[in-house]
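Asker: To start, I am sharing the structure in question, which I have written as C-alpha cells.
The values are calculated or read from the model by the stated rules, or taken from the named source; none is laboratory data. Computed from a prediction, not measured in an experiment: that's the story for all the values here. Methodologically, a virtual Cβ is constructed for each residue, glycine included, from the backbone with ideal geometry; neighbour enumeration extends over all protein chains shown. Surface accessibility is based on the protein's heavy atoms, side chains included, excluding ligands, DNA and RNA. Shrake-Rupley method; radii C 1.70, N 1.55, O 1.52, S 1.80 Å.
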Amino acid sequence: MMAKLLKVVKENKLAVITIDNPPLNVISKQVFRELGETFDALSKDTETVAVLITGAGNIAFAAGADIKEFPSMMGNPNMKDLVKESHAVLTKIEQFPKPTIAVLNGLTLGGGCELALACDLRVAETHVQIGLPEVKLGLFPGAGGTQRLSRLVGNAKAKEIIFTGDPLAAEEAEKIGLVNKVVEQGSGLSEAKNLASRMTRHSLQALSRIKKAINEGSEATLEKGLEIETNLFEEIFQTEDVKEGVSAFLDKRKPAFVHR
C-alpha cells in the first residue's frame, strides 16, 4: 500500500493539509487523487470552517507536476481525460464551500502554482518564488493556469508570466495581486492561521454564500451577478445562523453560530 502524500491536522475549526512528497512536494497523480478525496471528506465535516494548504519543509510548497509522469502522456489517446481529471480536482477546490488559504512556504511552480490559484487566498513567505515555467519544457500550463492567472492579474501580466516562464519573487507577486500577503520565512502557517481565525468566528452559512456569490458573479454580467447575490441573500435569511447573529447583536453578546 502506497504511503499517503497528504497529512491533515484539524484544530480550532481549521483543517491544515500538508503536501509531503519530498524533496519538492511535486503534484503527482497520487497527490491529485488524495486532494480530491480530502476535500470531499472536508466538505462533509461540520467542525471544519476553513482549510489551509501548505507544503512540508521550507524548500517548496509544490514545485510543479511530476515530470516523470509526462512521457506516459505523450501520444496517449486518453490525454484529454487525464487533463480533465486534474481540472476536476482543482475546480472542486475552487468551488469548495468554505474559505481556503494556500500557505506558500517555498517554490510554488507549475502545478503547485495552479493549485495555489484554485484557493481563495494566498499567503507567501519572503523566500517564495512563484510562477508557471512550463514553456521552458515546450509546454504551457494545462491545469487551469492560463485561465485562473489571467482572471486574477489580468491578461497582459498573465501572458508575460507564462510567455517568459520566469518566476516572481513574493514581493512582486503581492504587488500584482497574485498573493494577498507576504510574511517572514517560517511564519506563513501561523500568519495564515491568524487570518483564518478572523473568518472561522463567523457563520459558515454566510461564508459559503459570499464565496459562491463572488466566484459565480465575477464570471457573469453585473445584472446576472446581482441576481445571484439576491438569490443567496434570500437563502441566508432562512438559516439559524442569521437568527443567532441578529439576536446576539440585539442582546449585545457574541454570536454562537451552529452552521446550520
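Asker: Can you spot the lysines whose alpha carbon is less than 27 Å from LYS243's alpha carbon? Ignore those fewer than 8 places along the same chain.
Answerer: LYS13, LYS44, LYS98, LYS211, LYS212, LYS252, LYS254
Asker: If eta is 1.306 mPa s and T is 10 °C, what Stokes-Einstein diffusion coefficient results for the chain, Kirkwood Rh from Cα pairs, in µm²/s?
Answerer: 82 µm²/s
Asker: When the expected Rg is taken as 2.2 N^0.38 Å, what fraction or multiple of it is the alpha-carbon Rg of the stretch 108-164? Display every interim value, and only then the final one.
Answerer: On the way: Rg = 10.7 Å, N = 57, 2.2 N^0.38 = 10.2 Å.
Computed over Cα atoms of the stretch 108-164, the ratio equals 1.05.
Asker: Using a 1.4 angstrom probe, figure out how much accessible area the chain has per residue, in square angstrom, rounded to the nearest whole.
Answerer: 53 Å²
Asker: For the stretch 33-47 and the stretch 147-184, what is the separation of their Cα centres, given in Å?
Answerer: The distance from the Cα centre of the stretch 33-47 to that of the stretch 147-184 comes to 28 Å.
Asker: Right, next: Put one equal scatterer on each alpha carbon of the stretch 1-154, apply the Debye formula with no solvent term, and list log10 I(q)/I(0) at q = 0.14, 0.16, 0.20 1/Å to two decimals.
Answerer: -0.65, -0.86, -1.37
Asker: Please list, short to long, the whole-number percent of alpha-carbon pairs of the stretch 78-215 in consecutive 10 angstrom bins beginning at zero.
Answerer: 12, 40, 35, 11, 1
Asker: Along Cα→Cβ, 7 Å out, is where each label goes; now give me the distance between the ones at ASP251 and VAL8 in nm to one decimal.
Answerer: So the two model labels end up 3.3 nm from each other.
Asker: While we're looking at this one, here's another question. Amide H to amide H, which residues 5 or more places from LYS181 or on other chains are under 5 Å from it, using H placed in the peptide plane?
Answerer: Answer set, sorted by chain and number: ARG122, ALA124.
Asker: Rounded to the nearest 20 debye, what is the charge dipole size of the stretch 173-260 about its Cα centre when +1 sits on each Lys and Arg Cβ and -1 on each Asp and Glu Cβ?
Answerer: Rounded to the nearest 20 debye, it is 460 debye.
Asker: Per residue, what volume in Å³ does the Cα convex hull of the stretch 1-71 take up?
Answerer: On the way: hull volume 6.8 nm³, N = 71.
Hull volume normalised by residue count: 96 Å³.
Asker: Ratio of alpha-carbon Rg to the 2.2 N^0.38 Å globular estimate for the stretch 149-255, to two decimals, please.
Answerer: 1.45
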